[in-house]
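*Asks:* If you scroll down you'll find the structure; I have some questions about it.
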Amino acid sequence: MTPFPAAMAAVRRVRAAGHRVVYLSNMPGPFADELEEVVAPVFDGGVYSGRVGHAKPEPGIFWEAERLLDLDPATLLFVDDTERNVTAARELGWPARLVAGPVACAELLGGCSPATAG
């Protein structure tokens, strides 16, 4: 079973529209290994805090994501359900949106266009 089926379906639609979708998670390494088998194939890559030694909202996890995933903050949209993570991303120059959870994320991504996602 895939967690958050509505959000995962939205991610698939965004990818099918030609956008790259990656994740940035505060999950510890051992849990990440389990979840990665289910969730990671839906995405184009991602970063787990337990693997890089930094967690959101620390700047280090954003920098590691830029480095490991070859991200250009000018071309992306960071989406998170925690205000302090969105604030941290914005302080580093990442365009960011606060969502209330998986359903709100799916709604945001479902309305995604090339002008609003990267």
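*Asks:* Here are some conditions: (1) open to solvent by 50 Å² or more (accessible area, probe 1.4 Å); (2) closer than 20 Å to Leu109 by Cβ; (3) not in a loop (DSSP other than H, G, I, E, B). Ala7 meets all but one. Which one does it not meet?
*Replies:* Looking at each condition in turn, Ala7 falls short on (1).
*Asks:* Quick one: in region 84-118, which of the residues that are among the β-branched types (Val, Ile, Thr) and open to solvent by 40 Å² or more (accessible area, probe 1.4 Å) is modelled with the lowest pLDDT?
*Replies:* Top of the filtered list is Thr116.
*Asks:* Find all pairs meeting these conditions: Cβ atoms under 6 angstrom apart; at least six residues apart or on different chains; first residue within region 31-46 and within 16 Å of Leu69 (Cα to Cα) and free of Cβ contacts under 8 Å to residues at least 40 places away in the same chain; second residue open to solvent by 60 Å² or more (accessible area, probe 1.4 Å) and of a type outside the set (Ser, Thr, Tyr).
*Replies:* Pairs found: Asp44/Arg20.
*Asks:* Could you tell me whether any residue of region 89-105 is among the aliphatic types (A, V, I, L, M) and in contact (Cβ under 8 Å) with a residue 60 or more places away in the chain?
*Replies:* yes
*Asks:* When residues of region 10-30 are filtered for being in a helix (DSSP H, G or I), among the hydrophobic types (A, V, I, L, M, F, W, C) and touching a residue at least 60 places away in the same chain (Cβ under 8 Å), how many remain? Before the answer, list the steps.
*Replies:* Of region 10-30, the ones in a helix (DSSP H, G or I) are 10-16, 29-30.
Subset that is among the hydrophobic types (A, V, I, L, M, F, W, C): 10-11, 14, 16.
Those still in the list that are touching a residue at least 60 places away in the same chain (Cβ under 8 Å) too: 10-11, 14.
So the answer is 3.
*Asks:* Could you check, for region 65-75, whether at least one of its residues is of a type in the set (Ser, Thr, Tyr), under 22 Å from Val99 (Cβ atoms) and crowded, with 16+ Cβ neighbours inside 10 Å?
*Replies:* No, there is no match, as no residue in region 65-75 is of a type in the set (Ser, Thr, Tyr), under 22 Å from Val99 (Cβ atoms) and crowded, with 16+ Cβ neighbours inside 10 Å.
*Asks:* While we're here: Consider Val39 against the criteria (1) over 16 Å from Leu77 (Cα atoms); (2) of a type in the set (Val, Ile, Thr); (3) part of a loop (DSSP other than H, G, I, E, B): it satisfies all of them except one. Which criterion is unmet?
*Replies:* (3)
*Asks:* Take the residues of region 63-93 that are part of a helix (DSSP H, G or I) and touching a Gly at 6+ places or on another chain (Cβ under 6 Å): which is nearest to Tyr23 (Cα to Cα)? Spell out the reasoning first.
*Replies:* If we filter region 63-93 for residues that are part of a helix (DSSP H, G or I), which is where we start, we get 63-69, 73-75, 83-91.
Narrowing the set further to residues that are touching a Gly at 6+ places or on another chain (Cβ under 6 Å) leaves 69, 73, 75.
Numbers: Leu69: 10, Pro73: 14, Thr75: 15 Å.
Selected residue: Leu69.
*Asks:* Being farther than 20 Å from Val99 by Cβ, in contact with a helix residue (DSSP H, G or I) (Cβ under 6 Å, 6 or more places away or on another chain) and either in a loop (DSSP other than H, G, I, E, B) or open to solvent by 70 Å² or more (accessible area, probe 1.4 Å) (or both) is the filter here, so list the residues in region 42-57 that pass it.
*Replies:* If the condition is that a residue be farther than 20 Å from Val99 by Cβ, in contact with a helix residue (DSSP H, G or I) (Cβ under 6 Å, 6 or more places away or on another chain) and either in a loop (DSSP other than H, G, I, E, B) or open to solvent by 70 Å² or more (accessible area, probe 1.4 Å) (or both), then Gly45, Arg51, His54 are the ones that fit.
The values are calculated or read from the model by the stated rules, or taken from the named source; none is laboratory data. This structure is a prediction, so every number in the text was calculated from the model and none was measured. Backbone-built Cβ (ideal geometry, glycine too); neighbour counts: all protein chains shown. These area figures cover heavy atoms from the full protein model, side chains too; ligands, DNA and RNA do not enter into them. Shrake-Rupley method; radii C 1.70, N 1.55, O 1.52, S 1.80 Å.
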